[in-house]
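Remarks on the structure that follows.
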Amino acid sequence: MAKKDAPPRWDRKMQQRLARGEAAALGELYDRFASLVHGLAHTVLGDERGADAITRQVFAHVWEHPDAYDPKQGPLRSWVADLTHRFAVQRLRDTESAALARGGHGTPEDLERKVQRASVAARADYIVQAMPAPLRAALELAYFQRRDYRQTASDLGVTEDEARRRLRLGLQLLSTAHDVGAPPGYGGAV
């Protein structure tokens, strides 16, 4: 029971520490979420320098606006992922719009399609990273190693029914990547 209560409690305590201006809290938050933030930003932008800039922007925003996070809306991880997604999409739009204004190829519709594809990819990455390890392991075996559910069951040491269940649940979660909005688990905006 305590394990189930731990993430929200950690989230609230982290927010309180950030609100008090504890630099160590920002360091701890960075250690915990920097790879998530950078990975999502890189997925949207396809650019290492842009991902670095978004990572700095996200953690600066969290540091400057810790009260913008509402623990009642979902986990801190989801809020940080949502910030990352929104900042990265805005940067992509700004960059691509500037390229169009300079006479680049494409149309505003092409830009929106690019933004939509990047958003879906980032959301899928987030979903995979956030899903429970047993589901993720089953999907990785089936997708990357081209295992069927029987082979997946054998590799994971579970029944075939359990392997099918994990694959089905994992795919159901992934199917929500096309849904518009915040990452799963966070219902609010900043």
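Looking at region 123-143 only, could you name the residues that are more than 17 Å from Thr84 (Cβ to Cβ) and at pLDDT below 85?
Tyr143 - this is the single residue of region 123-143 that is more than 17 Å from Thr84 (Cβ to Cβ) and at pLDDT below 85.
Could you please let me know if Arg147 is part of a helix (DSSP H, G or I), free of Cβ contacts under 8 Å to residues at least 12 places away in the same chain, of a type outside the set (Phe, Trp, Tyr) and not assigned by TED's automatic domain parsing to the domain that holds Pro75?
The answer is no for Arg147.
Does Gln16 satisfy the condition of being crowded, with 16+ Cβ neighbours inside 10 Å, of a type outside the set (Asp, Glu) and either touching a residue at least 60 places away in the same chain (Cβ under 8 Å) or assigned to a helix (DSSP H, G or I) (or both)?
No, not satisfied.
For region 42-64, state whether one or more residues are at positive phi and assigned by TED's automatic domain parsing to the domain that holds Ala124.
Yes: one or more hits.
Identify the residue in region 100-122 that is open to solvent by 30 Å² or more (accessible area, probe 1.4 Å) and in contact with a Gly (Cβ under 9 Å, 6 or more places away or on another chain) and, among all such residues, is modelled with the lowest pLDDT.
Out of the qualifying residues, it is Leu100.
Tally up the residues in region 150-160 that are in a helix (DSSP H, G or I), out of contact with any helix residue (DSSP H, G or I) (no Cβ under 8 Å at 6 or more places or on another chain) and surrounded by fewer than 13 Cβ atoms within 10 Å (Cβ to Cβ), please.
The number of residues fulfilling the criteria is 0.
All but one of (1) open to solvent by 40 Å² or more (accessible area, probe 1.4 Å); (2) touching a residue at least 60 places away in the same chain (Cβ under 8 Å); (3) touching a Phe, Trp or Tyr at 6+ places or on another chain (Cβ under 7 Å) hold for Gln57, so report the exception by its number.
Checking Gln57 against (1) open to solvent by 40 Å² or more (accessible area, probe 1.4 Å); (2) touching a residue at least 60 places away in the same chain (Cβ under 8 Å); (3) touching a Phe, Trp or Tyr at 6+ places or on another chain (Cβ under 7 Å), the one that fails is (2).
Quick one: would you say Pro134 is of a type outside the set (Lys, Arg), more than 18 Å from the chain's Cα centre (by Cα) and closer than 24 Å to Ser175 by Cβ?
Judged against the criteria, Pro134 is a match.
Given the condition part of a helix (DSSP H, G or I), outside the structural domain of Thr43 (by TED's automatic domain parsing), loosely packed, with under 15 Cβ neighbours inside 10 Å and without any contact (Cβ under 8 Å) to a residue 24 or more places away in the chain, answer yes or no: does some residue in region 169-178 qualify?
yes
Does Asp47 qualify as being among the acidic types (Asp, Glu), within 17 Å of Ala118 (Cβ to Cβ) and without any contact (Cβ under 8 Å) to a residue 60 or more places away in the chain?
Against the criterion (among the acidic types (Asp, Glu), within 17 Å of Ala118 (Cβ to Cβ) and without any contact (Cβ under 8 Å) to a residue 60 or more places away in the chain), Asp47 qualifies.
Applying the selection to region 34-54, what residues are open to solvent by 60 Å² or more (accessible area, probe 1.4 Å) and within 13 Å of the chain's Cα centre (by Cα)?
Within region 34-54, Ser35, His42 qualify.
The values are calculated or read from the model by the stated rules, or taken from the named source; none is laboratory data. Keep in mind it's a predicted model, so treat the numbers as computed, not measured. Ideal geometry is used to build each Cβ from the backbone, glycine not excepted, and the neighbour counts take in all protein chains shown. The accessibility values were calculated without ligands, DNA or RNA, using every heavy atom of the protein model including side chains. Shrake-Rupley method; radii C 1.70, N 1.55, O 1.52, S 1.80 Å.
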